[in-house]
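*Asks:* Here it is, the structure, as structure tokens.
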Amino acid sequence: MSIIRKIKDYYKFSKNKLLFTTPSHTQGEFIIPVMKKMLGENFFKCDFSEIEGFDNLRQPETIIKDLMFQISQIYGTKQSFVLTNGSTSGIIASMLALLKKGDSVIVARNCHISIYNGLVLTGANPIWVMPEYNPDWDIFTNINPDKIENIFKTNNKIKACIITSPTYEGNYSDIETISKICKKYSAKLIVDEAHGALLNFLDTEIQPAVKSGADISIHSLHKTAGAPNPCSLLHISQNSEINPDLIQQGLNLINTTSPSYPLMLAVEATVKYLASKQGKTKLKELYKNISDLKKSSNKKINYYNSRYADESKILLKIDNVDSMLAAEILNKQFNIEEEYTNRKSLLFITGIGTTKNKLNKLKAALNKISENKTLTKTVNNLSENRFTIPKACYTPSDIYNLPDNSITEIPINYASGKIAAEPVAAYPPGIPLVLPGEILSNDVLNQIKQLCEKDSIKILK
């Protein structure tokens, strides 16, 4: 039985049941007025604890277990897990399941902050790999499989490899090749596929990570698939040797003991809709509308195009118009906010809720900006491929567990040769310039001065 069906049946067959349990609003018998106005009554009617006949996310045995089985069938996995604490919880649980203190793990430098948190919790030692860089768009793209294999050749004790695919901007890595390399060296492959939640339901040559050889992938259903924050999924591939019990144990270490039934209901509804004929038709319409937008735009608007890119991520630049200025005009004059802007391009994230009308308004605004002959492009003197990987003296876990009195803050001009005690990242794209435990070389400090408004930095004494 599904969670949706179970809740409906509860109100059909248990109308006279008195609950002296949490949550204390008692399925909406009393709702604080502002919450009632903002969230509505039905949200609270769906909000249950682990009462008789329901289930427990920490040890699924009935309706949650059934839901995970149904999701597994849809995605073609060995086992799938419902996440109500975002992809963050899935990433950290995967790391807890596979890594122990002192283990070596290859990590893409463009990873989400949750992976760094997982390094702190596991005590694993990261070996960073930098993604490829596209200077024409000022974005990092895929992970070169050769870089992965070269790392394995110099270290035969690597337990796992963690990469992000697709990237924030929608670039996919060659998961099949990277997977074969990982298997060759007996390492597990975890793919942060948070931005690729729609891929399983698209007719494209790019396959989902777990169908391309990854052991684990994690999806954020809220990013593009229409679910509310922070609905997500974790998948173990059919051919993986990973014991699902280890993943459950990892999740139980970090998850709340009071999971949200409204969020689990939303996960169920989202996945079933995506897998339905209606859902697939909706996705086809979305991608067609995006294609029409690109084809009908002014020729001065250039859209990022790659065989290995997710078309739902609209990355663009306008001839002779500074991207930062274009973003400001969009915001102030057209009331349109982009996802982010870098030195060369603008990113607009779309999803299942992006309508044709919304895209048409974006196109009209972009066309007007591109036709404005008074706008000029500024000269940018920053170096192109400016990201390097600093030498590390301590692991993330080592730094986290140092006593507070071992850290001090000094002016950045006096930090050369010191060891960083805080992460510093330039947004966009969010790739760390330095992480705790890494040495602040002159090159790194120059990057920080150029890209971040930062006068001081925390270091180890």
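Please treat every number below as a calculation from the coordinates, not as lab data. Predicted model, so just to flag it, every value in this text is computed and none were measured. Positions of Cβ are generated from backbone atoms using ideal geometry, with glycine treated the same way; all protein chains shown enter the neighbour counts.
*Asks:* Give me the percent of DSSP beta bridges within the chain that run antiparallel, rounded to the nearest 5.
*Replies:* 65
*Asks:* Note down the net charge around residue 13, summing +1 for each Lys or Arg and -1 for each Asp or Glu among other residues with Cβ under 14 Å from its Cβ.
*Replies:* Within the 14 Å Cβ shell, the charges total +4.
*Asks:* If you keep only loop residues by DSSP, which GluC sites (Glu not before Pro) in the stretch 1-109 have at most 16 other Cβ atoms within 10 Å of their Cβ?
*Replies:* Taking the stretch 1-109 and a limit of 16 other Cβ atoms within 10 Å, the loop GluC sites (Glu not before Pro) found are 29, 52, 61.
*Asks:* Okay, moving on. Which residues' amide hydrogens lie under 5 Å from the amide hydrogen of residue 133, considering only partners 5 or more residues apart or on another chain, with H built in the peptide plane?
*Replies:* 141
*Asks:* When a footprinting reagent is the concern and you count Cβ atoms within 10 Å, what order do 9, 47, 310, 203 take, fewest first?
*Replies:* Neighbour counts put them in this order, fewest first: 203, 9, 47, 310.
*Asks:* Now a separate question. Could you list 137, 128 so that the one with the fewest beta carbons within 10 Å of its beta carbon is first and the one with the most is last?
*Replies:* By the 10 Å Cβ count, ascending: 128, 137.
*Asks:* Then there's this: Taking 0.36 nm per residue of sequence separation and subtracting the Cα-Cα distance, how much length would be gained by fully extending the chain between residue 176 and residue 277, in nm to one decimal? Don't jump to the answer; show the numbers that get you there.
*Replies:* Details: separation 101, 0.36 × 101 = 36.36 nm, distance 2.86 nm.
Full extension from residue 176 to residue 277 adds 33.5 nm.
*Asks:* Compute the distance in nm between two label points, each set 7 Å from the Cα along the Cα-to-Cβ direction, one at residue 400 and one at residue 8.
*Replies:* Taking the two extended label points, one gets 4.3 nm.
*Asks:* Considering only DSSP beta bridges with both partners in the stretch 59-275, what is the antiparallel share in %, to the nearest 5?
*Replies:* 45
*Asks:* Can you give the extra length, in nm with one decimal, that the chain gains between residue 299 and residue 452 once fully stretched, where that is 0.36 nm per residue apart less the Cα-Cα distance?
*Replies:* Once the chain is fully extended between residue 299 and residue 452, it gains 51.7 nm.
*Asks:* So which of 344/454; 294/332; 188/449; 153/458 end up more than 26 Å apart by C-alpha?
*Replies:* From the list (344/454; 294/332; 188/449; 153/458), the Cα-Cα distance tops 26 Å for 188/449; 153/458.
*Asks:* Right, something else. Suppose R0 equals 30 Å; then what is the FRET efficiency for residue 461 and residue 413 from their Cβ-Cβ distance, rounded to the nearest 0.05?
*Replies:* 0.95
*Asks:* Could I have the simple spin-label model distance between residue 252 and residue 29, label points 7 Å from Cα toward Cβ, reported in nm to one decimal?
*Replies:* About 3.2 nm, to one decimal.
*Asks:* Here's another thing I want to ask about it. What are the ³J(HN,Hα) couplings of the stretch 326-331, residue after residue, when phi is run through the Karplus curve with 6.51, -1.76, 1.60 and θ = phi - 60°? Round to Hz, x for glycine and proline.
*Replies:* Values, residue by residue: 4, 5, 5, 5, 4, 6 Hz.
*Asks:* Describe numerically, in nm with one decimal, the distance between label points set 7 Å from Cα along Cα→Cβ at residue 154 and at residue 59.
*Replies:* 4.7
*Asks:* Same structure again: With Rg and the Kirkwood Rh both taken from Cα atoms, where does Rg over Rh land for the chain?
*Replies:* Looking at the chain, the ratio lands at 0.99.
*Asks:* So, one more: Assuming a ≥ b ≥ c are the square roots of the Cα gyration tensor eigenvalues, decide whether the stretch 149-235 counts as rounded (a/c under 1.5), prolate (otherwise, with a/b larger than b/c) or oblate.
*Replies:* prolate
*Asks:* Right, next: Going by C-beta contacts inside 10 Å, put 235, 195 in order with the fewest on the left.
*Replies:* So the ranking, lowest neighbour count to highest, is 195, 235.
*Asks:* List every residue whose amide H lies under 5 Å from the amide H of residue 431, counting only residues 5 or more places away in sequence or on a different chain, with H placed 1.01 Å from N in the peptide plane.
*Replies:* The list, which skips near neighbours in sequence, is 426.
*Asks:* Run the helix sum for the chain: -39,500 (n - 2.57) per DSSP H stretch of 4+ residues, divided by residue count, reported at 222 nm to the nearest 500 deg cm²/dmol.
*Replies:* -11000 deg cm²/dmol
*Asks:* Per-residue HN-Hα couplings for the stretch 456-461, Karplus 6.51 cos²θ - 1.76 cosθ + 1.60 at θ = phi - 60°, whole Hz, x for Gly and Pro?
*Replies:* My calculation for the stretch 456-461 gives 9, 8, 7, 9, 7, 5 Hz in order.
*Asks:* Another one. Under the Karplus relation 6.51 cos²θ - 1.76 cosθ + 1.60, θ = phi - 60°, what is the ordered set of whole-Hz ³J(HN,Hα) values for the stretch 253-260, x standing for Gly and Pro?
*Replies:* Here the 3J(HN,Hα) series is 6, 10, 7, 5, 8, 10, x, 8 Hz.
*Asks:* Work out the FRET efficiency for residue 49 and residue 367 from their Cβ-Cβ distance, taking R0 = 51 Å, and round it to the nearest 0.05.
*Replies:* Plugging the Cβ-Cβ distance into 1/(1 + (r/R0)^6) gives 0.45.
*Asks:* When the chain is fully extended, how far beyond the present Cα-Cα distance does residue 358 get from residue 243, taking 0.36 nm per residue of separation?
*Replies:* That pair, residue 358 and residue 243, stretches by 36.9 nm at full extension.
*Asks:* For a quick check: with amide H placed at 1.01 Å from N, whose amide H comes under 5 Å from residue 189's, ignoring anything fewer than 5 positions away on the same chain?
*Replies:* Close amide H contacts, sequence-distant or interchain: 161, 215, 216.
*Asks:* For the chain, what is the relative contact order in percent, using Cα pairs closer than 8 Å and at least 6 residues apart in sequence?
*Replies:* On the way: 813 pairs, mean separation 64.7, N = 461.
It rounds to 14 percent for the chain.
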